[in-house]
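This report concerns only the one structure given below.
The values are calculated or read from the model by the stated rules, or taken from the named source; none is laboratory data. Every value quoted in this text rests on a predicted model; they were computed, and no experiment measured them. Cβ: placed from backbone, ideal geometry, glycine included. Neighbour counts: every protein chain shown. Accessible surface is based on the protein model in full, side chains and every heavy atom, while ligands, DNA and RNA are left aside. Shrake-Rupley method; radii C 1.70, N 1.55, O 1.52, S 1.80 Å.
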Amino acid sequence: MSTDKPSPHFDTVNLHSDRSDKPEHGALHKPIHTSIAFEYADSRELAAVFQGKQAGYNYGRQQNPTVNALQNRITRMEGGVASVAFATGMAAIGSILFSLLKQGDHVVSSAYLFGNTNSLFNTFGNLGIDVSFVDATDVSNIEKAITPNTKLVFVETIANPVTQVADLAKIGALCAAKQLVYVVDNTITTPCLFSPKSVGASLIVNSLSKYFGGHGDALGGAVTETGLFDWSGFPNLYENYKTGPTSQWGLTQIKKKGLRDFGATLSPEAAHTLAVGSETMSLRVKRASDNALALARFCEEHPRVRTVNYPGLASHPQHALATTLFEQYGALMSIELDAEVDCFDFLNRLQYVVSSSNLGDTRTLAIPVAHTIFYEMGPQRRASMGIPDSLIRIAVGIEHIDDLIADFSQALA
Ligand SMILES: *Cc1c(COP(=O)(O)O)cnc(C)c1O
């Protein structure tokens, strides 16, 4: 894992982001602008803004200065060319498909997906946009699923909850060769641990609700255009949005359809909370990833734990792949206990580990997945995602590791 990235480094760029775009009144944090409308002394300017001939704000559903500052920060973090923020991560993912695809188009997706993304993709199936779900740990499965109608490939970096790692670089090369839009959901790894642009991603998704904001106190999502995809040959773009560099046409359409037409807009208050939270992202992600590795090793040695899924363990099927791709292995893991330990009793015995559905909080959270977040999809689909009934997902936080291990130790005793 290389940390020798070119200067200025990620943390420095991130911390000084708001200062890079003309600070207002010298304010170190971008102020929260709540106005939804904007006035122009010269009405010709207003017209120019509406016609996209001049940069500026027209209506809060489409643009806001506080949200723009957050978008610029995300673009810098991901090394992209532009970003659009959304009300949630799901709104970001939904807006990509909704904006770019038409009836009859086909998507190839990793089968190992965030549960709600899986549910959303099935809804697109009802609208005539078919999604094939394949094992994305092996690029040949993606290749076999591609049809003449395939427009887009969607993968997550480290899948939740079983932690399968997609063959990200090879899938990127395949998408480049076939001129397919390559969407990488970077939520679990964050831009601190992984740059999807480095494997050829066209669009990057981040749920800002998780590690990005990091405190479990604001929802948000974002799509970043890396600039690597040439949209000039993409058939589903409206003529109106084919302005500026061809590498940004896709995001322009996503913004118009997702924000202006669909209204999945992030609030300025949430944008502010997420931006402030993100300033400590690499400290939190590093601490949580260190904790996760130590806890995974402890669990792997424990006689009452049957299985541990964590890419940082040598026993993980994609451990070598993860080591080449990521700075660290993230803070998400899952375990199966021995048959005689009831998983609900175990969770109730934990003192510091909170039973909760979120991840990317500062606190360690745990949840029995088949009974909760993956309940609705049923046993067959769960089996295809490698999710056994007794699986417990652990979203490791930033507590002191000794206390976490002591807590697991007493709950397993
Ligand atoms: C949480 C999550 C999402 C959805 O984000 P929300 O902000 O909760 O809508 C998408 N992808 C992954 C991998 C997630 O963990």
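The candidates Ser209, Ser195, arranged from most to least accessible area with a 1.4 Å probe in the full protein assembly, appear as Ser195, Ser209. Shown here for the stretch 35-110: chymotrypsin sites (Phe, Trp or Tyr not before Pro) in loop regions (DSSP other than H, G, I, E, B) with at most 15 other Cβ atoms within 10 Å, namely Tyr40.
Taking all protein chains together, Thr187, Thr265 sort by accessible area into Thr265, Thr187, largest first [probe 1.4 Å].
Evaluated at q = 0.12, 0.13, 0.27 Å⁻¹, a Debye calculation over the C-alpha positions of the stretch 290-349 (equal weights, vacuum) places log10 I(q)/I(0) at -0.31, -0.36, -1.13.
Note on exposure: Ser202, Ser282, Ser35 ranked by accessible area (1.4 Å probe, complete protein assembly) read Ser35, Ser282, Ser202, with the most exposed listed first.
Could you point to the residue in Leu274, Pro161, Phe50 farthest towards the positive end of the chain's charge dipole, with +1 and -1 charges on the Cβ of Lys/Arg and Asp/Glu respectively? Looking along the dipole axis, the top candidate is Phe50. Computed over neighbours whose Cβ is under 14 Å from that of Gly244, the net charge equals +1, Lys and Arg +1, Asp and Glu -1.
Within 10 Å of each candidate Cβ there may be at most 15 other Cβ atoms; applying that plus a DSSP loop requirement, which chymotrypsin sites (Phe, Trp or Tyr not before Pro) in the stretch 331-379 survive? Sparse-neighbourhood loop chymotrypsin sites (Phe, Trp or Tyr not before Pro): Tyr352, Tyr375. The label-point distance for Ala47 and Asn358, in a model that sets each label 7 Å from Cα toward Cβ, rounds to 4.8 nm.
Given C-alpha coordinates of the stretch 254-342, what is the ratio Rg to Rh with the Kirkwood estimate of Rh?
Dividing the radius of gyration by the Kirkwood radius yields 1.18.
Averaged over its residues, the chain has an accessible area of 43 Å² per residue, based on protein heavy atoms and a 1.4 Å probe.
Taking the C-alpha atoms only, the angle from helix 281-301 to the longest principal axis of the chain is near 20 degrees.
Relative to the longest principal axis of the Cα atoms of the chain, helix 401-412 runs at roughly 50 degrees.
Would you compute the Debye intensity of the chain from its alpha-carbon atoms alone, equal scatterers and no solvent, and pass along log10 I(q)/I(0) at q = 0.09, 0.12, 0.14 Å⁻¹ to two decimals? At q = 0.09, 0.12, 0.14 Å⁻¹ the computed log10 ratios are -0.55, -0.96, -1.28. Using only side-chain charges placed at the Cβ, +1 for Lys and Arg and -1 for Asp and Glu, the dipole size of the chain relative to its Cα centre rounds to 1140 debye.
If you take all other residues with their beta carbon under 11 Å from the beta carbon of Val139, and give Lys and Arg +1 and Asp and Glu -1, the sum is -2.
Per residue, the convex hull spanned by the Cα atoms of the stretch 281-412 measures out at 108 cubic angstrom.
To the nearest 10, the accessible area of Asp42 is 60 Å² with a 1.4 Å probe. Label positions at Tyr40 and Ala173, each projected 7 Å from the Cα along the C-beta direction, are separated by 4.9 nm.
Label separation (Ser409 vs Asp230): 6.0 nm, computed from points 7 Å beyond Cα along the C-beta direction.
As a calculated quantity, the FRET efficiency between Glu340 and Lys286 at R0 = 35 Å, using C-beta atoms, amounts to about 0.45. The C-alpha atoms of the chain define a longest principal axis, and helix 89-100 lies at about 50 degrees to it. Quick check: at a probe of 1.4 Å, how many percent of the accessible area of the chain sits on carbon and sulfur atoms? Roughly 52 percent, rounded to a whole number. Each of Ser355, Val84, Ala292 was scored by the projection of its Cα onto the charge dipole of the chain, and the greatest displacement toward the positive side belongs to Val84; charges sit on the C-beta of Lys, Arg, Asp and Glu.
Taking only the C-alpha atoms of the stretch 194-285, Rg followed by Dmax gives 15.2, 44 Å.
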